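After the structure tokens below, expect a handful of questions from me.
Each reported figure results from applying straightforward, stated rules to the coordinates on display, with no laboratory input. Here the structure is a predicted model, which is why all the values come from computation and not from measurement. Cβ placement follows ideal geometry from the backbone for every residue including glycine, while neighbour counts extend to all protein chains displayed.
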Amino acid sequence: MRGQRALSLGLGLALAASPCLAPTAFARAQQAIASRVDGRTLVADWQARGPVDVYLATRPDGPLAQARLIARGVRSGHATVRAGTSPRPYLRLRDRADGTVVTVAERWLPLAQGSNFRDLGGYPAADGKTVRWGLIYRAGATPLLTPADVAQVRGLGLATMVDLRSDEERRLAPTRLAGQVHQDAVPYSMMALFAGAQGGKMPSNGGALYRQFPTLLAPQVRLVFDRLKAQAGPIEYNCSAGQDRTGFMTALILAALGTPRAVILRDYDLSTALRRPEWEMPKIDAAKASDPVAKMFAGYQANPAMARPQPLHDPDGRPFLASAMDEIDARYGSVEGYLEKVAGVTAADIAMLRKAYTE
């Protein structure tokens with residue numbers, strides 16, 4: 001299945017992003033990944049020096065007494081677990097060598113009619129820590145979720161969803177989660193957003209467009225980081241495809257948490273495998289499309305090539321996102337400098353975010 005192949009690719013890239021250590025050096029379970037075999041089966045893989053106890057939990061933290069012991073003293077670094085999709089399963093690996101517990105979950109949420117919905121947990125962060133699972137999610141639009149999908153997302157306990165899309169996109173493809181999860185958005189017109197920078201024409205995707213993101217998306221950056229600083233609970237943010245505006249926002253969040261840029265770029269590239277364009281926008285009748293944004297999306301839907309996610313690289317192979325990060329480095333010196341200038345995120349805020357969202 002396409003979703004299973006994409007999930008395997010995504011998890012493989014996530015594993016490759018972790019530091020590579022010799023197995024004999026492990027003092028705890030390392031490089032843990034979880035992948036879904038089918039609707040009710042998860043597999044976990046890890047590396048450890050000795051036996052590991054495997055627990056199944058419905059939350060990524062809390063005492064192990066609240067989790068269910070699945071397998072005791074596993075030495076193979078592999079376990080198969082029967083688990084559904086709702087409530088979301090978390091695997092907790094207790095290394096008997098030192099008693100430490102490592103949490104791992106699926107990066108990609110297996111929604112039947114969702115696109116590119118995934119967790120930022122497990123990535124390396126500052127001071128040898130990792131990003132906490134179950135607190136920060138990125139996604140594509142959610143206008144066509146099934147009732148089961150809605151229930152699965154509700155089970156994440158989201159405190160807020162920040163919609164990075166324009167007014168036109170939100171009108172064309174209202175989320176199925178309206179009324180289910182608190183919604184936040186910055187009102188703007190897609191046409192107005194690009195009027196000055198693109199001469200009023202809809203831009204083509206690429207590094208040149210991404211270089212404008214630090215300026216064009218500054219209000220959205222302030223909103224997302226205000227919500228992160230509030231620590232009200234898990235947060236999700238999305239645009240239409242969950243790759244461009246969402247990819248830029250993800251890069252800022254991970255950079256603030258101390259994730260290496262190479263890992264950030266690997267996460268960005270997962271969108272090509274994990275997008276499901278058919279679920280990002282309801283079908284638009286081109287003959288009835290009344291505004292340029294609707295006509296643009298109708299044109300995408302009429303183009304067979306756009307039914308497949310396109311690689312996010314310029315012709316020379318350079319990731320689009322790298323151009324946005326270069327622009328930040330050139331103009332602000334660093335992501336931290338940019339966040340302080342445009343979003344009021346101070347050094348003390350960065351320290352607080354790392355304490356709240358890494359472990």
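Relative contact order of the chain, please, whole-number percent, based on alpha carbon pairs below 8 angstrom and at least 6 residues apart. Could you put the intermediate results ahead of the total?
Working: 693 pairs, mean separation 61.0, N = 359.
So the answer I get is 17 percent.
Let me ask another. Mind checking the alpha-carbon convex hull of the stretch 156-256 and giving the volume per residue in Å³? List each step's numbers first, then the result.
Values: hull volume 10.6 nm³, N = 101.
So the per-residue hull volume is 105 Å³.
Here is a further query. Amide H of Ala71: which non-local residues (sequence gap of 5 or more, or other chain) have their own amide H closer than 5 Å, using H built in the peptide plane?
Distant-sequence amide H within range of Ala71: Val54.
Follow-up question, since we're still on this one. Hey, what do the phi angles of the stretch 283-290 turn into as Karplus ³J(HN,Hα) couplings, whole Hz, using 6.51/-1.76/1.60 and θ = phi - 60°, x for Gly and Pro?
Those phi angles translate into 4, 10, 7, 4, 5, 9, 5, 9 Hz.
Also, quick follow-up: Length gain on complete extension for the stretch Gln310 to Gln231, per 0.36 nm per residue less the alpha carbon to alpha carbon distance? Can you show the working numbers first?
Numbers: separation 79, 0.36 × 79 = 28.44 nm, distance 3.46 nm.
Net length gain for the segment: 25.0 nm.
Averaged over every viewing direction, what's the projected area of the C-alpha convex hull for the stretch 266-359? Give it in nm², one decimal, please.
Numbers: hull surface 38.3 nm².
Over every viewing direction, the Cα hull of the stretch 266-359 projects on average to 9.6 nm².
Rounded to the nearest 500 deg cm²/dmol, what is the calculated helix-only ellipticity per residue at 222 nm for the chain, with -39500 (n - 2.57) per DSSP H run of length n ≥ 4? Don't skip to the end; give the middle numbers.
Numbers: 13 runs with 129 residues, N = 359.
The per-residue figure over the chain is -10500 deg cm²/dmol.
Quick one: which residues, 5 or more positions from Thr160 or on another chain, have an amide H under 5 Å from its amide H? H modelled 1.01 Å from N in the peptide plane, none for Pro or chain starts.
Glu236
Let me ask something else about it. Normalise the Cα radius of gyration of the chain by 2.2 N^0.38 Å (N = residues in it) and let me know the number. Present the calculation step by step, with values, prior to reporting the outcome.
Values: Rg = 20.4 Å, N = 359, 2.2 N^0.38 = 20.6 Å.
In units of the 2.2 N^0.38 Å rule of thumb, it is 0.99.
Applying a 10 Å radius around every beta-carbon, put 138-148, 245-255, 59-69, 80-90 in order of their mean neighbour count, most first. Numbers along the way, then the final one.
Values: 138-148: 21.5, 245-255: 23.8, 59-69: 13.4, 80-90: 17.3.
In descending order of packing, they fall as 245-255, 138-148, 80-90, 59-69.
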